[in-house]
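Rule-based calculations on the coordinates, nothing more; no lab input. Note that the structure is predicted; figures quoted are calculated from it, not measured. Positions of Cβ are generated from backbone atoms using ideal geometry, with glycine treated the same way; all protein chains shown enter the neighbour counts.
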């Protein structure tokens, strides 16, 4: 575990961490806001005073469980009655040999927040050629961002695509055509009238797109080998897998085990849960009130508040 600039960064040490969930230190989150983007509405990973569950399992404390059409490393986000998550299928799917780049599809899934019912799904063809292999996380690593107008997804060279909450495509924007063996993973950020995209992989640029039309407002070149999601305020580096909630830290491994400890100098195990389902847990936790949202390669789970 590495500490830098007041942030806690983790990756692969001891627990082979896919995500880290904390609670109660960062100020500034407007409590009651939906968890509408990567690390929440303000990008700080602060779940406020949410009373999140300490323990769960396959048959314990699961509000609902929804099968997904494929794997992905994106995190679930929430707006109104909807939960959104992305996946990919057809090519380079763990445990499914075969398939070609021509079979590669990206998916945006909209799930009903209280029941887990799939309300709609959009399937998108990939712009080719893509990488033959992506290290670790595959072809759907960027977390969606949503607001009152709808939801925005980023699928690398395939582009930035905006939908309304009924699933109608509103616009799409091309931000570059390059690929990388580590893939594309930065998530879109909605700020005022803009969609901010770190397109370092695709075009070595940071771009601001018009939220309503997708038209480019400005671009900064020379952004090389950066996979960070932009952060608007504070001194965060952008690459943090943290979720803050109620003075506790939640460690999520790629296998689906979670260990809960206090956010305090003295170690104490508060809870241990096992949700292994045969897939990898490469995304971070999301928050829906007092529930946790988490996805594996196979399912989307709502934990607690049953």
### Query
What is the fewest-to-most order of 56, 120, 171, 35 by other Cβ atoms lying within 10 Å of their Cβ?
120, 171, 56, 35
### Message
So if I take the centroid of the Cα atoms in the stretch 145-189 and the same for the stretch 258-273, what is the distance between those two points in Å?
### Response
36
### Message
Using a 10 Å cut-off around each Cβ, can you sort 300, 270 from fewest to most neighbouring Cβ atoms?
### Response
270, 300
### Which of 62, 161, 259 has the fewest Cβ neighbours within 10 Å, and the rest in rising order
259, 62, 161
### Task
Multiply the residue gap between residue 168 and residue 102 by 0.36 nm, knock off their C-alpha separation, and tell me the result in nm, one decimal place.
21.4 nm
### Message
What does the C-alpha gyration tensor say about the overall shape of the stretch 59-199? Classify as rounded when a/c is under 1.5, otherwise prolate if a/b is larger than b/c, or oblate.
### Response
oblate
### Query
Over what distance in Å are the Cα centres of the stretch 197-229 and the stretch 53-77 separated?
31
